[in-house]
1. Just to confirm, what accessible area per residue do you get for the chain at 1.4 Å probe, in whole Å²?
2. Considering only protein heavy atoms and a probe of 1.4 Å, how much of the accessible area of the chain is carbon and sulfur, as a whole percent?
3. Could you tell me, in Å, what Rg and Dmax come out for the Cα atoms of the chain?
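The values are calculated or read from the model by the stated rules, or taken from the named source; none is laboratory data. Since the structure is predicted, the reported quantities are computational estimates derived from the model, not experimental observations. Surface accessibility is based on the protein's heavy atoms, side chains included, excluding ligands, DNA and RNA. Shrake-Rupley method; radii C 1.70, N 1.55, O 1.52, S 1.80 Å.
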Amino acid sequence: MPLTAEQISSLLGMIAAGEPDSLDCDGCFAHMSEFAEAQLLSLDVPDAVRAVETHLKQCPCCRDEYNALLEGLRAIEED
């Protein structure tokens with residue numbers, strides 16, 4: 001089965017990013033809430049959590065989950 005245009009675009013983005021991804025998806029999910037809270041509160045992101053940012057740049061599935069998490073946290077803040 002040939003790759004879709006979205007898959008090709010994602011692969012090219014990963015190559016262009018050129019950053020090694022030290023986390024797998026499970027590792028990303030384990031630290032995602034900490035990363036989101038730091039982002040929302042404009043706090044410095046600890047080095048241990050910085051790998052989440054790199055992973056999100058390269059993984060569309062985790063990026064979608066992260067965006068959903070941010071949306072939920074923002075909704076809670078508005079209440």
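1. 71 Å²
2. 56 percent
3. Gyration radius and largest Cα-Cα distance of the chain: 14.0, 46 Å.
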